[in-house]
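Right, one structure below, let's go through it.
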Amino acid sequence: MDRILRDAATRGARYLEELETRSVVPSQEALERLSELGGPMPGKPTDPADVLALLDEVGSPATLASAGGRFFGFVIGGSLPAALAANWLGSAWDQNAALVAASPVSAALEETALRWLLDVLDLPSSCGGAFVTGGTMANFTALAAARHAVLEQAGWDVESDGLFGAPPVTVILGEEAHPTLRKALGMLGFGRTRVTVIPVDGQGRMRADALPTLSGPTIICMQSGNINTGAMDPAVEICAAAREAGAWVHVDGAFGMWAAAAPERAHLVAGVADADSWATDAHKWLNVPYDSGLAFVRDPEHLRGAMALSAAYLPFGGQREPSEYTPELSRRARGIEVWAALRSLGRTGLADLIERTCRFATRFAEGLGSAGYAVLNDVVLNQVLVSFGDEETTDRVIAGVQMDGTCWCGGTTWQSQRAMRISVSSWATTDEDVERSLDAMLRVAAAETAG
């Protein structure tokens, strides 16, 4: 065991060191070699050292370098050194985070990390929280608590009696709500299309003035950080309208909620703390390893009411039992990396991470805009949308940037316009990475738009 773990650490460290000089995209040869990982199931055991060597020698070259400083796709952050190391140690511990009795250390780390998260995200300190896989499950978990609460208020026990014959629940969301929110609503029985859709403004923000008259069991799903523009729905107005009508407000804040941790950006999330539930991802802007979603609910009993289970064989104690707040029973101890990231960064380090990456996004926008390309959004956070002309030309530039390998950006269609989306969220990104990437974007764009 000692030999193979040391070998894994050596190989992992070498992989990270080589990110600085390698292409962000894998070569065609590396992709073709992936077939070596297939074939029939081995009939006999293989030496673990040989398994690891094959995985590294064939698998590592075929990765996207999303752990490095020049990956700007999908709002993927890298892994902070402390978080990655904690992940490795936590994997060695192999803890089941379901119960205090199964893992006292992971339960203690979850409680501390939850308290720190509520502090830096400026949410009520009495909130309940759940550590789940990602944004989809964070939305699912928080919205399950919302479903529990609004139907309980209407005199219906949805956990016992289901939705058959239940009072109807009105679900309201913005026109540019993230698709995973609709997926969560579908899994909860609300339907993906049986929702009231509110129009948005020119930056993708839900228009509070377009909210319908609110009555009966109602859940409003707002967004803190539009996936394309980074724009925030008007939380102050939405929460005020909901409070007056007794409606529940849920915030999908996969990355945008982290603006609360940076003093110069905190004004962007004004009013978000007035909601009833929130969902975010630690594997985005907190830069912990995948996967790490977080759900928060103002009243912990609403979360527990939706998620708790009863099993005589489980040794529930007097402490907070993690499994009573999550969809899963058995699960890995995600709180380990979250705790390590927050402990290593501290309040000022986290603020610097947010501010620095936002500054880099602004630099990309300024550099591309000054070269004559159209920046489509107000760059208030870490997202930049840029058009290089018509749809075909823009797609050629996106493909050219990806093939160039200096950096990686994805494409999107936003408000009927095709654009390249630059998402800056990694601790590893430096000024040099930004300038090097910007030069590559401009070089490719000039070649593709010439003539």
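The values are calculated or read from the model by the stated rules, or taken from the named source; none is laboratory data. What you see is a predicted model; the values in this text were computed from it and never measured. With ideal geometry, Cβ positions are generated from the backbone for all residues, glycine too; neighbour counts draw on all protein chains shown.
Values as computed for the structure displayed
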{"read-out": "Test: residue in region 322-333 that is touching a helix residue (DSSP H, G or I) at 6+ places or on another chain (Cβ under 8 Å), within 27 Å of residue 122 (Cβ to Cβ) and of a type in the set (Asp, Glu)", "value": "yes"}
{"read-out": "Residue satisfying condition, being surrounded by fewer than 22 Cβ atoms within 10 Å (Cβ to Cβ) and either in contact with a strand residue (DSSP E or B) (Cβ under 7 Å, 6 or more places away or on another chain) or of a type in the set (S, T, N, Q) (or both), within set 425, 344", "value": "344"}
{"read-out": "Selection status of residue 21, out of contact with any Gly (no Cβ under 6 Å at 6 or more places or on another chain), of a type in the set (S, T, N, Q), touching a residue at least 12 places away in the same chain (Cβ under 8 Å) and closer than 30 Å to residue 430 by Cβ", "value": "no"}
{"read-out": "Unique residue being part of a helix (DSSP H, G or I), at pLDDT 95 or above and not assigned by TED's automatic domain parsing to the domain that holds residue 254 when the list is 363, 418", "value": "363"}
{"read-out": "Scan of region 51-69 for residues that are part of a helix (DSSP H, G or I) and among the aliphatic types (A, V, I, L, M), ordered by number", "value": "51, 52, 53, 54, 55, 58, 62"}
{"read-out": "Tabulated pairs, region 118-137, first under 15 Å from residue 325 (Cβ atoms), second surrounded by 20 or more Cβ atoms within 10 Å (Cβ to Cβ) and of a type in the set (Asp, Glu), C-beta under 7 angstrom, 6+ apart or interchain", "value": "131/110"}
{"read-out": "Subset of region 323-352 (residues that are assigned by TED's automatic domain parsing to the domain that holds residue 118 and over 21 Å from the mean Cα position of the chain (by Cα))", "value": "323, 324, 329, 330"}
{"read-out": "Residue that is modelled with the lowest pLDDT [pool: residues in region 309-325 that are part of a loop (DSSP other than H, G, I, E, B) and within 17 Å of residue 112 (Cβ to Cβ)]", "value": "319"}
{"read-out": "Close pairs from region 184-195: first under 16 Å from residue 158 (Cα atoms) and not assigned by TED's automatic domain parsing to the domain that holds residue 148, partner in a loop (DSSP other than H, G, I, E, B) and of a type outside the set (Asp, Glu), Cβ under 8 Å, at least 6 apart", "value": "none"}
{"read-out": "Scan of region 165-195 for residues that are touching a helix residue (DSSP H, G or I) at 6+ places or on another chain (Cβ under 8 Å) and assigned to a helix (DSSP H, G or I), ordered by number", "value": "180, 181, 183, 184, 185, 187"}
{"read-out": "Condition check for residue 396: basic (Lys, Arg), within 26 Å of residue 204 (Cα to Cα) and without any contact (Cβ under 8 Å) to a residue 40 or more places away in the chain", "value": "no"}
{"read-out": "Enumeration of residues in region 306-322 that are more than 16 Å from residue 248 (Cα to Cα) and in contact (Cβ under 8 Å) with a residue 40 or more places away in the chain", "value": "307, 314, 315, 316, 317, 319, 320, 321, 322"}
{"read-out": "Residue that is nearest to residue 192 (Cα to Cα), among those in region 130-160 that are surrounded by 24 or more Cβ atoms within 10 Å (Cβ to Cβ) and β-branched (Val, Ile, Thr)", "value": "141"}
{"read-out": "Every pair of residues 6+ apart whose Cβ atoms lie under 6 Å, when the first sits in region 205-227 and is touching a residue at least 60 places away in the same chain (Cβ under 8 Å) while the second is surrounded by fewer than 19 Cβ atoms within 10 Å (Cβ to Cβ) and of a type in the set (Gly, Ala, Ser)", "value": "217/154"}
{"read-out": "Residue count for region 292-308, restricted to those that are surrounded by fewer than 16 Cβ atoms within 10 Å (Cβ to Cβ) and either part of a loop (DSSP other than H, G, I, E, B) or at positive phi (or both)", "value": "1"}
{"read-out": "Close pairs (7 angstrom Cβ cut-off, 6 or more residues apart or separate chains): more than 21 Å from residue 10 (Cβ to Cβ) and assigned by TED's automatic domain parsing to the domain that holds residue 318 in region 82-111, part of a helix (DSSP H, G or I) and hydroxyl-bearing (Ser, Thr, Tyr) anywhere", "value": "95/106; 97/106; 98/323; 99/323"}
{"read-out": "Identity of the residue in region 1-50, among the charged types (D, E, K, R) and not in a helix (DSSP H, G or I), that ends up surrounded by the most Cβ atoms within 10 Å (Cβ to Cβ)", "value": "22"}
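This table checks each residue for (1) at pLDDT 95 or above; (2) outside any helix (DSSP H, G or I); (3) within 23 Å of residue 168 (Cα to Cα); (4) in contact with a helix residue (DSSP H, G or I) (Cβ under 6 Å, 6 or more places away or on another chain).
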{"position": "197", "(1), (2), (3), (4)": "yes, yes, yes, no"}
{"position": "203", "(1), (2), (3), (4)": "yes, yes, no, no"}
{"position": "216", "(1), (2), (3), (4)": "yes, yes, yes, no"}
{"position": "220", "(1), (2), (3), (4)": "yes, yes, yes, yes"}
{"position": "227", "(1), (2), (3), (4)": "yes, yes, no, no"}
{"position": "240", "(1), (2), (3), (4)": "yes, no, yes, no"}
{"position": "243", "(1), (2), (3), (4)": "yes, no, yes, no"}
{"position": "249", "(1), (2), (3), (4)": "yes, yes, yes, yes"}
{"position": "254", "(1), (2), (3), (4)": "yes, yes, no, yes"}
